[in-house]
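The values are calculated or read from the model by the stated rules, or taken from the named source; none is laboratory data. These figures come from a predicted structure and were not determined experimentally. Neighbour counts run over all protein chains shown; Cβ positions are idealised from the backbone, glycine included.
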Amino acid sequence: MIRSIRFSLTLWYAAILAVILSLFGWVLYTRVEKNLAQDIDNVLASEADGVGDAIFAFWKAEQTFSHRKETEERQVSRLVLRWAHETGALETERPIRLLDPEGHPVDASRSFTQLALPMSREAISQARKGRTTYETFPLADKRIRLITRPEVEDKQILYLVQAAAPLHQADASLRRLHLGLLWLIPITLALTSALGWLLATQALRPVGRMTTQARRIGAEHLHQRIDIPKTGDELEHLAATFNDMLARLERAFRRLRQFSAAASHELRTPLTIMKGEVEVALRKPRDPEEYQRVLHTHLEALNEMTHIVEELLTLARSEAGEGAVEWQPVELRRLTETVCNSFKPVAEKKQIRIELSSDEPAWIRGEPRLLERLIANLLDNALKHTPAHGSVNLQILQEGNRACLIVQDTGSGIPADQLPKIFDQFFSRRPSEGALSTGLGLGLCRWIAEAHQGRIEAASPPGHGAVFTVRLPFSAAS
């Protein structure tokens, strides 16, 4: 289960979610902590400003203080004491303390005195420079936030205001937030991981069905296909690709079986002839002429076997995609004439006429060796199926941007039920079925035509023999 895709997806999902939730919790906690501290500092600053404004208003009320550049420290201290005594402003629960410019306490509220906060030399030093200072003091059971703000008049420090605030409420809120995140993140992670597991299971369910179906497909059941899920995603594409692979494997296995059957069938006849001739020759002593006749018979059988093996190998390479066409300009009329001349001795022996007609040269693009095999196979097939005193007509025409080669014989033609599969590579009509064998040539012809971006067609008009038409595209030389 650890190596399953479902487990891996869930593990990755949980790990990424854990990182995101942890980062989110850290950002949330730090932002809340910073906002709480900022709010407390703003409250302390407001209290310090309120104290300074109240003292200034008190001074205005009694008009005992003037805006002189030089102000005596004792006058300021007496003013602060009078303000505290007459207004009772320091009789409050808010921790407030007033200091002189040297940092000596002038007066303080009872709540501030109870805190017993130490005097910070750094805060006094910064106050003398006219700077406000914020400090946090940890006590036994809580923390205290303290502001030290100087009151400045004409660049002269009159007194210092200190205001304090306990941080226990803010700390309690942060502790609750921290505890909530510690519980919420694992629970959320567990729930979302379970949901991710269910989603991964649902998403990969078609893969399980495809796996089960693929296990049942063996070498004897390559015709079967797996069901394609209508998901519109990569799984549907994977199933379609797998079915295409099965189709290619089925064709390859079928070709292999047909190749083996065709090889054994086609090679059996010449081997049987050779074996029979040898057995007859060995029954009794023969004349040298008789032995020569047997050798000639063996030579013809060997030539036929060589031709069959070459066609089988060519077909095998064509199925495997090997032996790519070496493109070059080829003049179709001249090539056809050369092939016809090579078959004239065979035609004369069978008393068959070979006639070639062509209006003008037809240049095509292809490989002369393969095109010669195409024409030779069509001509050989026509001669095999044409009786004595018959004729084989070859005609080269132009149809638009294609050259057209027509081979027509005066034989018995092709039965209508066998015409659709006449170009199957290993299709063979046995003599017992009422027709002569076609061998392997026509299947090879179809492959050569298609390899040259053309096509081949067969027709058998009643009483006119068989007609084979090959259409090949013209080359730039035409």
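Screening Leu139 on (1) closer than 20 Å to Leu99 by Cα; (2) surrounded by fewer than 19 Cβ atoms within 10 Å (Cβ to Cβ) shows it passes everything except condition (1).
Looking only at residues of segment 345-368 that are surrounded by 13 or more Cβ atoms within 10 Å (Cβ to Cβ) and in a helix (DSSP H, G or I), we find that the one that is modelled with the highest pLDDT is Ala347.
Here is a list: Thr132, Thr212. Which entry is among the hydroxyl-bearing types (Ser, Thr, Tyr) and closer than 29 Å to Arg94 by Cβ? Before the answer, list the steps.
Working: Thr212 fails: closer than 29 Å to Arg94 by Cβ.
Checking each option against the conditions leaves just Thr132.
Considering segment 381-393 alone, what residues qualify as being surrounded by fewer than 17 Cβ atoms within 10 Å (Cβ to Cβ) and outside any strand (DSSP E or B)? Break it down stepwise before answering.
Keep residues of segment 381-393 that are surrounded by fewer than 17 Cβ atoms within 10 Å (Cβ to Cβ), which gives 384, 387-389, 391.
Residues satisfying the conditions are Lys384, Pro387, Ala388, His389.
What's the total number of residues in segment 278-297 that are loosely packed, with under 10 Cβ neighbours inside 10 Å and not basic (Lys, Arg)? If you could, list the steps in order and put the result at the bottom.
First, the residues of segment 278-297 that are loosely packed, with under 10 Cβ neighbours inside 10 Å: 279, 283-285, 287-289.
Applying the additional criterion that residues be not basic (Lys, Arg) yields 279, 285, 287-289.
Of the residues in segment 278-297, 5 are loosely packed, with under 10 Cβ neighbours inside 10 Å and not basic (Lys, Arg).
The set of residues in segment 303-344 being surrounded by fewer than 16 Cβ atoms within 10 Å (Cβ to Cβ), basic (Lys, Arg) and modelled with pLDDT of 85 or more consists of Arg334, Lys344.
Within segment 1-58, if we keep just the residues that are of a type in the set (Ser, Thr, Tyr) and buried (at least 16 other Cβ atoms within 10 Å of the Cβ), the residue that is nearest to Val76 (Cα to Cα) turns out to be Tyr13.
Please indicate, with yes or no, whether at least one residue in segment 394-409 is part of a loop (DSSP other than H, G, I, E, B) and either under 30 Å from Leu267 (Cβ atoms) or modelled with pLDDT of 90 or more (or both). Before the answer, list the steps.
Filtering segment 394-409 down to residues part of a loop (DSSP other than H, G, I, E, B) leaves 400-401.
Checking the rest, the ones that are also either under 30 Å from Leu267 (Cβ atoms) or modelled with pLDDT of 90 or more (or both) come to none.
No; the residues of segment 394-409 include none that is part of a loop (DSSP other than H, G, I, E, B) and either under 30 Å from Leu267 (Cβ atoms) or modelled with pLDDT of 90 or more (or both).
What are the residues in segment 93-102 that are farther than 20 Å from Arg143 by Cα and assigned to a loop (DSSP other than H, G, I, E, B), if any? Matches in segment 93-102: Asp100, Pro101, Glu102.
Within segment 244-270, the set of residues being buried (at least 16 other Cβ atoms within 10 Å of the Cβ) and either charged (D, E, K, R) or modelled with pLDDT of 75 or more (or both) comprises Leu246, Glu250, Arg255, Glu266. Inspect all residues belonging to segment 207-224 and state whether any of them is of a type outside the set (A, V, I, L, M, F, W, C), surrounded by 15 or more Cβ atoms within 10 Å (Cβ to Cβ) and not in a helix (DSSP H, G or I). Within segment 207-224, not a single residue is of a type outside the set (A, V, I, L, M, F, W, C), surrounded by 15 or more Cβ atoms within 10 Å (Cβ to Cβ) and not in a helix (DSSP H, G or I). Only one entry of Arg471, Arg455 meets the criterion of being surrounded by fewer than 17 Cβ atoms within 10 Å (Cβ to Cβ) and either at pLDDT 80 or above or not assigned by TED's automatic domain parsing to the domain that holds Thr386 (or both), and that entry is Arg455.
Residue by residue through segment 155-183, note down the ones that are touching a residue at least 40 places away in the same chain (Cβ under 8 Å) and either assigned to a helix (DSSP H, G or I) or among the β-branched types (Val, Ile, Thr) (or both). I'd like the intermediate steps shown before the answer.
The first filter runs over segment 155-183 and keeps only residues touching a residue at least 40 places away in the same chain (Cβ under 8 Å), leaving 156-165, 167, 170, 173-174, 177-178, 181.
Residues satisfying the conditions are Ile157, Val161, Ala170, Ser173, Leu174, Leu177, His178, Leu181.
Listed by position, the strands (runs of 3 or more DSSP E) inside segment 103-154 whose residues that are within 23 Å of Asp39 (Cα to Cα) number at least 2 are 133-138, 143-153.
Condition check: assigned by TED's automatic domain parsing to the domain that holds Ile55 and within 19 Å of Ala45 (Cβ to Cβ). Does Thr87 satisfy that?
It is false that Thr87 is assigned by TED's automatic domain parsing to the domain that holds Ile55 and within 19 Å of Ala45 (Cβ to Cβ).
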